[in-house]
Amino acid sequence: MPWQLLELPSLAIGILRRRVAQTRPEAEVSEVHAAMDWAGFLLAESGGDLTPHDYTHVAETGLHHGLGDWVFAGVLYDDDSWREFELIRYAKANDVDIEVVRRMRPYARPFVERVVDELLSEDPDVVGFTTTFMQNVPSFAVARLLKQRRPAVRTVMGGANCDGPMGASLHRNHHFVDFAVRGEGELAFPALLDHIAADTPPLDVPGLCWWDGDRPVANPESAAQVPPGLIPTPDYTDWQRALQASPTRTFVEPKLAVEGARGCWWGEKHQCTFCGLNGSAIAFRSKDADAVWQEVSGLIERHRILDLVMVDNILDMGYFRDLLPRMAASGWDLRVHYEVKSNLRPDQLDLLAAAGVVHIQPGIESLNARVLDLMDKGVGGARNVSLLRDCHDRGLTVSWNYLYGFPGERDADYGTVIDQMPALVHLQPPGATIRIALERFSPNFERPELGFAERAPSRVYDHIYDLPPEELADLVYLFDTPPQGIRGEIEARLHRAVEAWQAAHTTSSLVMVADVDDEVRIADRRHGWPSRDHLLRGLDAAVYRLTERVRTAPSVLRALAEQGRQASEDEVAAALAGLRERGLVYCDGEHVVALAVRDLPARVSPTRMSLTPLAVVGEIPVPFPEGAE
């Protein structure tokens, strides 16, 4: 059901389709890609007024305001005006644009009826719904009507929204959900199908929620994880067929979802305090590189799609040894997304780029070491800046947000960063500045002593569900809690500084154009700075070269001595201070890193969506004047 991203197939459906084929080859399986159908339905029924772009906007931005679920809540509760006043009140209080979702809502009921008609036309025994984030209420709406019209159909829900206590609450509060699979489904779902076929109680299916008459039963969950070898290659045949026939096809660039690993190897020992995305399955396990390559190459050959989204929460570092080189040698013009840790070395970034990785999500989160320690990130602010610089030189797009609101953070942790942000405008800016939310399964949630002891289900659920607070507390993923960390003027300054960075980025550059003998020349065309060339000689040039790696002043002094160059502590300190004054280095506490890039790739303007043309004048790249040829 909505709100699956249109450009991607459902990995859950693809995997379970294959598992059913493996375990019950006699079964007939149909797929309903209702998210895609909903976008096409809106496009057709609105006469082109509601486009797939509107769908995508809700899918990508609606979670923290409950917008996607609200669209279908009127169908679930059989009231087309359900909680409309509450949504309007919430939107006004939080400056949220709800115009699109209000226009979508009248189409939800006829769409749900159409989906149920389609399902019943298949005469199904079992209908399964995969649910993550805003897929709960759309799935409930269909399951409720389906059971009203065909009570004998068994309904099953699974996915991230069913993990832990959420699955038990989801099940016991919605009698039209016959079963809820908590945890991974590769073993549990086939076992459940066996019980349904035999009409026996599923007492032995770990984590399963089911009904014993009118009594809800929640089987104990198992700590065992599905071995990677049992996770099959997903079957995307029906998805591609549906996409090719869909009116949304011309609006999207399809990509393939590929899974190499589950869990988080960093989070097993140092889970980031704000992150709850791995739920109860944080234990890291990965597929053998040969198996991943066979999966990748097989999917590409089958579907003729070269864009891949690796859905792993973190890249298995072993893949630098045995998977990425094979991707690099494939000869395919791949475009790959990966989530990585932010402390990657330049040679590792080189291999990512050679392997066709064009987009990474490295979890930068902050540029201050003290705040990063509060998050338990295991990396410093200067190292994060060096990653932004090195990714620029390799044409790697970096997605990241600037997070704040951590217990124990101080104004000074942000003031020093804000003061230096004008020097960073040539590097890729944060996508947004966000106060952290309290997410279920995160250390902040599981350990109230970290600073978030007072919590309640997020207010966004007030305009969605008709459930008592104690049931919402088990069902939902997001919680409201008194704000921690910075507030007031320093918070406003942070937002303004990031907005200025975003605005200046596409017209800014800081490029090392010469590095010869005892001289370094840097062309500075950053917005807000004088247009000039920095000519560094002697000690200044030597110190700058050394800070292309993150260093401290004592480290620079030692490296100079190893080069046979004599300099005092005061001379090194003066050189570093001069470089910082000119915005050529970034300082995070004692750590310093150089800022100039060595290349200037073409950029896409977020407003004009056109490549920024560049000229080279006296070896210094500068933007063409408006209208120049």
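Here is the figure for the stretch 304-324: residues that are buried (at least 16 other Cβ atoms within 10 Å of the Cβ) and not aliphatic (A, V, I, L, M) total 6. With respect to Leu344, determine if the residue is assigned to a loop (DSSP other than H, G, I, E, B) and modelled with pLDDT of 95 or more. Considered against the rule, which asks whether it is assigned to a loop (DSSP other than H, G, I, E, B) and modelled with pLDDT of 95 or more, Leu344 comes out as yes. Within the bounds of the stretch 200-208, is there any residue that is in a loop (DSSP other than H, G, I, E, B), without any contact (Cβ under 8 Å) to a residue 24 or more places away in the chain and of a type in the set (Ser, Thr, Tyr)? Yes; the residues of the stretch 200-208 include at least one that is in a loop (DSSP other than H, G, I, E, B), without any contact (Cβ under 8 Å) to a residue 24 or more places away in the chain and of a type in the set (Ser, Thr, Tyr). Taking the criterion of being open to solvent by less than 20 Å² (accessible area, probe 1.4 Å) and under 24 Å from Leu478 (Cβ atoms), would at least one residue in the stretch 330-353 satisfy it? No: the stretch 330-353 contains no residue that is open to solvent by less than 20 Å² (accessible area, probe 1.4 Å) and under 24 Å from Leu478 (Cβ atoms). Among the residues in the stretch 402-418, are any under 19 Å from Leu63 (Cβ atoms) and either of a type in the set (D, E, K, R) or out of contact with any helix residue (DSSP H, G or I) (no Cβ under 8 Å at 6 or more places or on another chain) (or both)? Taking every residue of the stretch 402-418 in turn, at least one turns out to be under 19 Å from Leu63 (Cβ atoms) and either of a type in the set (D, E, K, R) or out of contact with any helix residue (DSSP H, G or I) (no Cβ under 8 Å at 6 or more places or on another chain) (or both).
Within the stretch 212-266, being aromatic (Phe, Trp, Tyr), under 20 Å from Val32 (Cα atoms) and touching a Lys or Arg at 6+ places or on another chain (Cβ under 9 Å) holds for one residue alone: Tyr236.
Within the stretch 45-64, does at least one residue satisfy the condition of being buried (at least 20 other Cβ atoms within 10 Å of the Cβ), more than 22 Å from the chain's Cα centre (by Cα), outside any loop (DSSP other than H, G, I, E, B) and touching a residue at least 24 places away in the same chain (Cβ under 8 Å)? No, because not a single residue in the stretch 45-64 is buried (at least 20 other Cβ atoms within 10 Å of the Cβ), more than 22 Å from the chain's Cα centre (by Cα), outside any loop (DSSP other than H, G, I, E, B) and touching a residue at least 24 places away in the same chain (Cβ under 8 Å). What residue, among those in the stretch 127-176 that are among the β-branched types (Val, Ile, Thr), touching a strand residue (DSSP E or B) at 6+ places or on another chain (Cβ under 9 Å) and outside any helix (DSSP H, G or I), is most open to solvent (accessible area, probe 1.4 Å)? Going through the qualifying residues, I end up with Thr130.
Condition check: surrounded by fewer than 17 Cβ atoms within 10 Å (Cβ to Cβ), within 14 Å of Ser280 (Cα to Cα) and not acidic (Asp, Glu). Does Pro220 satisfy that?
When the stated conditions are applied, Pro220 passes them.
Any residue at all in the stretch 260-281 that is over 22 Å from the mean Cα position of the chain (by Cα), open to solvent by 20 Å² or more (accessible area, probe 1.4 Å) and of a type outside the set (Gly, Ala, Ser)? The answer is no, given that none of the residues of the stretch 260-281 is over 22 Å from the mean Cα position of the chain (by Cα), open to solvent by 20 Å² or more (accessible area, probe 1.4 Å) and of a type outside the set (Gly, Ala, Ser). Restricting Arg114, Arg102 to residues that are among the charged types (D, E, K, R) and under 27 Å from the mean Cα position of the chain (by Cα) narrows the list to Arg102. From the list Pro25, Pro9, the one residue that fits, being within 28 Å of Gly229 (Cβ to Cβ), touching a Leu at 6+ places or on another chain (Cβ under 9 Å) and either open to solvent by less than 10 Å² (accessible area, probe 1.4 Å) or without any contact (Cβ under 8 Å) to a residue 12 or more places away in the chain (or both), is Pro9.
For the stretch 72-97, give me each residue that is touching a residue at least 40 places away in the same chain (Cβ under 8 Å) and open to solvent by less than 50 Å² (accessible area, probe 1.4 Å). Across the stretch 72-97, the qualifying residues are Phe72, Ala73, Val75, Leu76, Leu87, Tyr90. Annotation: of all residues in the stretch 177-199 being touching a strand residue (DSSP E or B) at 6+ places or on another chain (Cβ under 6 Å) and assigned to a loop (DSSP other than H, G, I, E, B), the one that is least open to solvent (accessible area, probe 1.4 Å) is Val177.
Can you pull out the helices (runs of 4 or more DSSP H) entirely within the stretch 392-488 that have at least 2 residues that are in contact (Cβ under 8 Å) with a residue 12 or more places away in the chain and either closer than 17 Å to Gly381 by Cα or open to solvent by 30 Å² or more (accessible area, probe 1.4 Å) (or both)?
Per the criteria, 411-420, 469-475.
Within the stretch 298-326, the set of residues being within 27 Å of Asn278 (Cα to Cα) and outside any loop (DSSP other than H, G, I, E, B) comprises Leu299, Asp307, Leu308, Val309, Met310, Tyr319, Phe320, Arg321, Asp322, Leu324. Of all residues in the stretch 110-126, exactly one satisfies the criterion of being without any contact (Cβ under 8 Å) to a residue 60 or more places away in the chain, hydrophobic (A, V, I, L, M, F, W, C) and surrounded by fewer than 20 Cβ atoms within 10 Å (Cβ to Cβ), namely Leu120. Filtered by the rule that a residue be closer than 20 Å to Glu454 by Cβ and acidic (Asp, Glu), the stretch 469-490 gives Glu470, Glu471, Asp474, Asp480.
Checking each residue in the stretch 354-382 for being crowded, with 24+ Cβ neighbours inside 10 Å and free of Cβ contacts under 8 Å to residues at least 24 places away in the same chain picks out only Leu372. In the set (1) open to solvent by 20 Å² or more (accessible area, probe 1.4 Å); (2) among the basic types (Lys, Arg); (3) over 30 Å from Glu449 (Cβ atoms), the condition left unmet by Lys287 is number (1).
The values are calculated or read from the model by the stated rules, or taken from the named source; none is laboratory data. A quick note: this is a predicted structure, and the numbers were derived from the prediction, not measured. Cβ coordinates were reconstructed from backbone atoms using ideal geometry, including for glycine residues, and neighbour counts include every protein chain displayed. SASA here: full protein model, heavy atoms, side chains in, ligands and nucleic acids out. Shrake-Rupley method; radii C 1.70, N 1.55, O 1.52, S 1.80 Å.
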